[in-house]
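Just so it is clear, none of the values below were taken in a lab; they were calculated from the coordinates. These numbers come from a predicted model, not from an experiment. Quick reminder, even Gly has a Cβ in these numbers, built from the backbone with ideal geometry, and neighbours come from all protein chains shown.
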Amino acid sequence: VEMFDFLQNEGAQKTFTMYKDVYEGQSDTGGNRKSCVPHAPYTVSPRLFSMINEANEEEGITVSIHNQETEHEDNFFLYKSGGFVDFYESFGFPLTHFEPTGKTSIHYALQQMNPRCRTLFVHNTMTGPEDIRAAHSWSDKVYWATCANANLYIENRMPFYQHFIDEGARMTIGTDSLTSNWQLSVLEEMKTISRLQSYVPFEMLLRWATLNGAEALGFENELGSIEAGKKPGLNLLNLDEKLRLSAETNVKRLV
């Protein structure tokens, strides 16, 4: 359940109570899992971060957070400038208490979040090598979710995946929602990455789409790879003659 209070510490308790009621109404049986998660660095106050951390004390929790989706997010924390300042003012949320940190937004998130939780940073369009290294130094449970088509849909740009490859980042593939994507298809995300950043090998993309995602969500003992004791689904992709993804590649479920 995603929570945000627009950086208003005084409203954190009311916000948390409202969202906690939604959280309690969700099932965590039959293979379902749930957690309280912060929306993004620019929308969650330190007090609400603290409440979210307390709610996620159970071992094995995965926490996700939107990260560095646009340049406005970093500019907000670096200089207190950019589109988010106007956004807050237009809704009447005061920012007099907010002081720029002089660092990119992910550093604020790292300062506030619990490194003992598996943490899934989502989007990462503007994330650079120093940001990746900072997150990896903060916790060994960090994963990065890319939603390439959603990024193109919203701001017509994508993360530079070589940064993540060079830093040994554990990448996963997501779609975001139909509000910001043309379809909800991991295969289409893979095809977009392969077409626009073709240096990413197919075998690496396949791991991003399967085992890494299972690990990020805590299902690595059940899903993500073909191993004894697991029960993953099995899909067939029709690659081209050079065993690459193409515009014609589609998926057929076998198991």
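3J(HN,Hα) along region 216-224, derived from phi through the Karplus expression 6.51 cos²θ - 1.76 cosθ + 1.60 where θ = phi - 60°, amounts to 4, 9, x, 10, 5, 7, 10, 10, x Hz, with x in place of Gly and Pro. Neighbour counts of other Cβ atoms within 10 Å put SER81, SER105, SER35, SER185 in the fewest-to-most order SER81, SER185, SER35, SER105.
To make sure I understand, if each residue's beta carbon is the centre and we count other beta carbons within 10 Å, what order do LYS242, LYS141 fall in, fewest to most?
Details: LYS242 7, LYS141 17.
With the sparsest Cβ surroundings first, the list reads LYS242, LYS141.
What's the local net charge at VAL44, with K and R +1, D and E -1, over the other residues with C-beta under 11 Å away? All intermediate terms of the calculation are to be shown ahead of the outcome.
Details: positive: ARG47; negative: GLU2, ASP5.
Local charge sum for VAL44: -1.
Each of CYS117, CYS147 was scored by other Cβ atoms within 10 Å of its Cβ. Listed from fewest to most, they are CYS117, CYS147. The candidate values were (1) 51; (2) 57; (3) 47; the one computed from these coordinates for percent of Cα pairs over 24 Å apart carries the label (1). Within straight-line reach of LYS141, meaning a Cα separation under 13 Å, sit the following aspartates and glutamates at least 8 residues removed in sequence or on another chain: GLU59, GLU215.
Under 13 Å from the Cβ of ALA148, count the other residues' Cβ atoms, weight Lys and Arg +1, Asp and Glu -1, and hand me the total.
On the way: positive: ARG157, LYS191, ARG195; negative: GLU69, GLU155, ASP176, GLU188, GLU189.
That sum, taken over residues with Cβ under 13 Å, equals -2.
Convex hull over the Cα atoms of region 193-255, averaged projected area in nm²? If you wrap the Cα atoms of region 193-255 in a convex hull and average its projections, you get 4.9 nm².
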